[in-house]
Amino acid sequence: MKPCGASLAAAAAAARSLGAVGDEEKKMATREASAAQEDFPELTAPERDRLAGVDSSLFGSPRLHEDGARTKALLLKAIRCYDAYILKAEGKVEPEVFCQLGHFNLLLEDYPKALSAYQRYYSLQSDYWKNAAFLYGLGLVYFHYNAFQWAIKAFQEVLYIEPSFSRAKEIHLRLGLMFKVNTDFESSLKVGQLNIVSL
């Protein structure tokens, strides 16, 4: 009987260890699921609503910096969500996603990533030239990199398609500065006079 009792005790110990292994596997699966959720975070409805009006025209705006840390955290989360979506979509991504990603990176002043996202949007969207916020954001990135000829072109397109763009005065100021740097003093003077008249 002793061997049978020993085998029962061994079987019970084995069952307990298997149960512990099963619990450990469940814990690992839960950790992997939460890690996957961190890798692929999701935006809540209020967060999506808050991001709906966010584009490049908020660049440098005091409204954006009023609750700086919270806004920055939201933008970083949105970027992670969009990046995860792009990875999951395997090349079947709407061009607007890249445009928004460019806006978010621009607002965080991550110019290389903003430029990359804007260039993807540019290559995928045939009528990109109708999107004033995109052109303004692209112009800001070019301005940052001192690519003044490209920035001038982008800013002029914004003013052409939407003369009453919310940042039109700033665009005129930047155009005047770039023309001056490029020693095109006549154009710089014209833009400066337009800006003064519009005040």
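Could you go through the range 86-97 and let me know if any residue there is on the phi > 0 side of the Ramachandran plot and either at pLDDT 85 or above or touching an Asp or Glu at 6+ places or on another chain (Cβ under 9 Å) (or both).
First, the residues of the range 86-97 that are on the phi > 0 side of the Ramachandran plot: 90-91.
Pick out the ones that are also either at pLDDT 85 or above or touching an Asp or Glu at 6+ places or on another chain (Cβ under 9 Å) (or both) and you get none.
Looking for residues that are on the phi > 0 side of the Ramachandran plot and either at pLDDT 85 or above or touching an Asp or Glu at 6+ places or on another chain (Cβ under 9 Å) (or both), one finds none in the range 86-97, hence no.
Of all residues in the range 23-69, count the ones that are among the aliphatic types (A, V, I, L, M) and modelled with pLDDT of 50 or more.
Filtering the range 23-69 for residues among the aliphatic types (A, V, I, L, M) gives 28-29, 33, 35-36, 43, 45, 51-52, 54, 58, 64, 69.
Those left that are additionally modelled with pLDDT of 50 or more: 43, 45, 51-52, 54, 58, 64, 69.
Residues that pass the stated criteria total 8.
Could you check how many residues of the range 163-187 are farther than 24 Å from K113 by Cα and either outside any helix (DSSP H, G or I) or touching a strand residue (DSSP E or B) at 6+ places or on another chain (Cβ under 9 Å) (or both)?
Result for the range 163-187: 7.
When you scan the range 44-52, do you find a residue that is among the polar types (S, T, N, Q), surrounded by 12 or more Cβ atoms within 10 Å (Cβ to Cβ), outside any helix (DSSP H, G or I) and over 10 Å from the mean Cα position of the chain (by Cα), even just one? Before you say what the answer is, go through the steps one by one.
First pass over the range 44-52, keeping only residues among the polar types (S, T, N, Q): 44.
Right, trim to surrounded by 12 or more Cβ atoms within 10 Å (Cβ to Cβ) and you get none.
No, the range 44-52 contains no residue that is among the polar types (S, T, N, Q), surrounded by 12 or more Cβ atoms within 10 Å (Cβ to Cβ), outside any helix (DSSP H, G or I) and over 10 Å from the mean Cα position of the chain (by Cα).
The values are calculated or read from the model by the stated rules, or taken from the named source; none is laboratory data. Keep in mind the model is a prediction, meaning the values are calculated, not measured. So basically every Cβ, Gly included, is an ideal-geometry build from the backbone, and we count neighbours across all protein chains shown.
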